[in-house]
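Every number here is computed from the coordinates shown, using simple stated rules; none is lab data. Computed from a predicted model, the values in this text were never measured in an experiment. Every residue, glycine among them, receives a Cβ derived from its backbone with ideal geometry; neighbour counts consider all protein chains shown.
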Amino acid sequence: MNPRKNNTLAEIKSTLDLVLRISPDQAYRVLKDRKGEYGMIICTIGFAKKNLRAFIKKLQLAGVNKVIDIRLHNTSPLAGYAKKDDLEYILSLVDIGCEHHPELAPTEEILDGYKKKKLSWQDYERKFKEVLAQRNPLQGINFMNEKGPVCLLCAEDKPIQCHRRLVAEYYSANIGGLQIKHL
């Protein structure tokens, strides 16, 4: 049975609110994405190599309801608009929520090992998956109770060698009905 056929009034209202704020072309894409066979979409995005306008546009086009910041350190001056307080403020201006979940970040040891090239990507991935399994973060975010898609935020431009992809895959493997969409 298709879980999307059992839309709640809140889901329908959320979709309509979004559709009314964007162009007809964008609305069609949002409605097309949301009517799939999946119960919920989990997006991922990195802020690197994106200016603020492009970053916000990607979130809006995907219909993101909340950004989940999964960086270990989110207050670095090098993060520009993605510094914790600035990010929360900017997202609030476009009605997107924001939460920081450092329990979804790699440990300092794993992160430094990879940055200093002491760990290969394969070792990083293996160690980070072990950390996720130990932390068992499934209770931290209830994706099915969100009004729309949530988006995991990290710094890396592409998801292929970024922990946000691993976190999204972890949730998708452990919670039925999650579709991953990299922005």
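Data overview
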| quantity | calculated |
| --- | --- |
| In sequence order, calculated HN-Hα J values of the stretch 92-99 (Karplus, 6.51, -1.76, 1.60; Hz; x Gly/Pro) | 5, 5, 10, 6, 10, x, 8, 9 |
| Protection-proxy order for peptides 156-168, 97-109, each taking the mean of Cβ atoms within 10 Å per residue, highest first | 156-168, 97-109 |
| Convex hull projection area averaged over all views, the stretch 43-183, Cα basis, nm² | 8.0 |
| Neighbourhood charge, 13 Å Cβ-Cβ cut-off, centred on VAL150 and excluding it, Lys, Arg +1 and Asp, Glu -1 | +1 |
| Of the trypsin sites (Lys or Arg not before Pro) in the stretch 36-142, those whose Cβ has at most 12 other Cβ within 10 Å and which sit in DSSP loop | LYS49, LYS116, LYS117, LYS118 |
